[in-house]
Amino acid sequence: MLTRRRFLAASAAPVTASLAQLRTGDLKITRVDPYVLRIGRRSDVVCARIETADGIHGWGEGTTPPTIAAVVAQIRECGKYILNQSAWDIEKLWRRMYLTEENTLGGTLFAAISAIDIALWDIVGKKLGAPVYKLLGGKANDKIRIYASYRWGNIPRTREAYRARTKELIAEGATAGKYDPFGAYPGFDRQLSTAVLNEVREMVAGIREGGPNFDICIEAHGKFNSASAGRIAKMLEPFDPFFLEEPVPPENVDAMAAVQRSTNIPIATGEGLQSHFNFREVLAKGAARILQPDASRTGGITAMKKIAAMADAHYVTIAPHNPNGPVCTAASIHVAASIPNFLIMEEGATSTPEYKDIFAGGWKTNLAEWPVLEAPGLGVDFSPAFLRERTV
């Protein structure tokens, strides 16, 4: 006779078995090793490799040029705090590293936290046999839209040249692209000259003529004072750019908020902000309509998910900053796939022949969108041969 007790016991059996399987091996962390890798045109890709007693390893990235040695040292230091701990406890380990090093908070520390955090997510995904995005809530986006990075190349700074090159990029598949048209950093006064302003107007006009529906992303690298930023925004408005990235330095949130209030062009910022804590004021003061957290700099996947949730509550979108290496790219793809307010992602590296051996299933260059990664964990790994040849 099937009693209620027997029915419930039978129904619970598969769940109990699954939990037992998860408990097999506590993913105790046994090694944390920093690596500096040469990939494509770069020789400053800083990564962390974490091993567990279960024989599972994970990769993370904390690239933040030009700093290399300091991040490597900080990965070793943070590694001491997580040895013999369980890789399951990602949130606890993130907080432990943050609190233990609170007197030295800064870019180097958060680059190390990023590398370790991403590697832990990679380990847990591999353990469960699931891609990281499924651990983050599943797929909100089936494809990851990207903008091409600096693909206009060394061409004349004229309307005609930029019109022609934009048509070529669109023919190659690009639907959006970003570059910094302003040239070298100005003097200490952060002042933009009228000559350069007029030159940039012609270049951007060429892009718009070459692609009426092309999304133009303008990078300013935080180089200008408030007066120059206002002139830039006013000049760009007729061309309807997709966003203007950091027309003033990001450390003065009030100044950036003033620029944002003066224009309908979305201001984008966030590549240099560490942790979700430092995004709070940007959102509270309406200083930007697009946030650009960098998985390798802001605190990894854990911080990025929190930043995305905070932004969503303010109706602000996320465009991950991604000029780094393949592990950062993979981590950013997983976060982008899982969040409802994802907008677009930076293409980053344009020389990626090695990626076919790094990404599970290979890598295909595409200037419009990328597929969501479906391999367990991040879906990236470095072979022993690759490490022997490419470790700096």
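The values are calculated or read from the model by the stated rules, or taken from the named source; none is laboratory data. All values reported here derive from a predicted model rather than from experimental measurement. Heads up, the Cβs are rebuilt from the backbone with ideal geometry, glycines too, and the neighbour counts pull from every protein chain shown. Heads up: the accessible areas ignore ligands, DNA and RNA and are worked out on the full protein's heavy atoms, side chains in. Shrake-Rupley method; radii C 1.70, N 1.55, O 1.52, S 1.80 Å.
Of all trypsin sites (Lys or Arg not before Pro) in region 338-392, which ones are in loop regions per DSSP and have a Cβ with at most 16 other Cβ atoms within 10 Å? Walk me through the numbers on the way to the answer.
Values: sites: Lys356, Lys364, Arg388, Arg390; in loops: Lys364.
Counting only loop positions with at most 16 other Cβ atoms within 10 Å, the trypsin sites (Lys or Arg not before Pro) in region 338-392 are Lys364.
Note the angle between two axes, namely the Cα long axis of helix 90-100 and the longest principal axis of the Cα atoms of the chain, as a number of degrees from 0 to 90, rounded to the nearest 10.
For helix 90-100, the angle is close to 70 degrees.
For the ranges 288-298, 87-97, what's the packing order if you count other beta-carbon atoms within 10 Å of each residue, average per peptide, and put the highest first? Provide the component values of the computation, followed by the final result.
On the way: 288-298: 27.9, 87-97: 18.5.
Packing proxy ranking, top to bottom: 288-298, 87-97.
Go through 276-283, 61-68 and give me the packing order, highest mean Cβ count within 10 Å leading. Display every interim value, and only then the final one.
Values: 276-283: 18.9, 61-68: 21.4.
Highest mean packing first, the order is 61-68, 276-283.
Rolling a 1.4 Å sphere over the protein heavy atoms, what is the accessible area per residue of region 298-392, to the nearest Å²? List each step's numbers first, then the result.
Details: 3350 Å² over 95 residues.
It amounts to 35 Å² per residue over region 298-392.
Which residue, Ala287, Ala336, Ala70, tops the fluctuation ranking in a GNM of the chain built on C-alpha contacts under 10 Å?
Top of the fluctuation ranking is Ala70.
For every other residue with a beta carbon closer than 14 angstrom to the beta carbon of Ala227, add +1 if it is Lys or Arg and -1 if Asp or Glu, then tell me the sum. Mind showing how you got there, number by number?
Numbers: positive: Arg190, Lys223, Arg231, Lys234; negative: Asp189.
Cβ neighbours under 14 Å give a net charge of +3.
Tell me, what % of the accessible area of the chain is carbon and sulfur with a 1.4 angstrom probe?
53 percent
Quick check on the chain: helices-only [θ] at 222 nm, where DSSP H runs of length 4 and up contribute -39,500 (n - 2.57) each and the sum goes over total residues. Nearest 500, please.
Calculated at 222 nm, the ellipticity per residue is -13000 deg cm²/dmol.
With a 1.4 Å probe and all protein chains left in place, how much accessible area per residue does region 143-226 have, in Å²? Let's see the in-between values first.
Numbers: 3820 Å² over 84 residues.
Dividing the accessible area of region 143-226 by its residue count gives 46 Å².
Could you compute the net charge surrounding His321? Neighbours are other residues with a C-beta less than 10 Å from the C-beta of His321; K and R count +1, D and E count -1. Could you put the intermediate results ahead of the total?
Values: positive: Arg297; negative: Glu245, Glu271, Asp294, Glu346.
Within the 10 Å Cβ shell, the charges total -3.
Go through region 164-216 and name the chymotrypsin sites (Phe, Trp or Tyr not before Pro) that are in a DSSP coil and have 12 or fewer other Cβ atoms within 10 Å of their Cβ.
On the way: sites: Tyr179, Phe182, Phe188, Phe214; in loops: Phe182, Phe188, Phe214.
Listed in order of number, the matching sites are Phe188.
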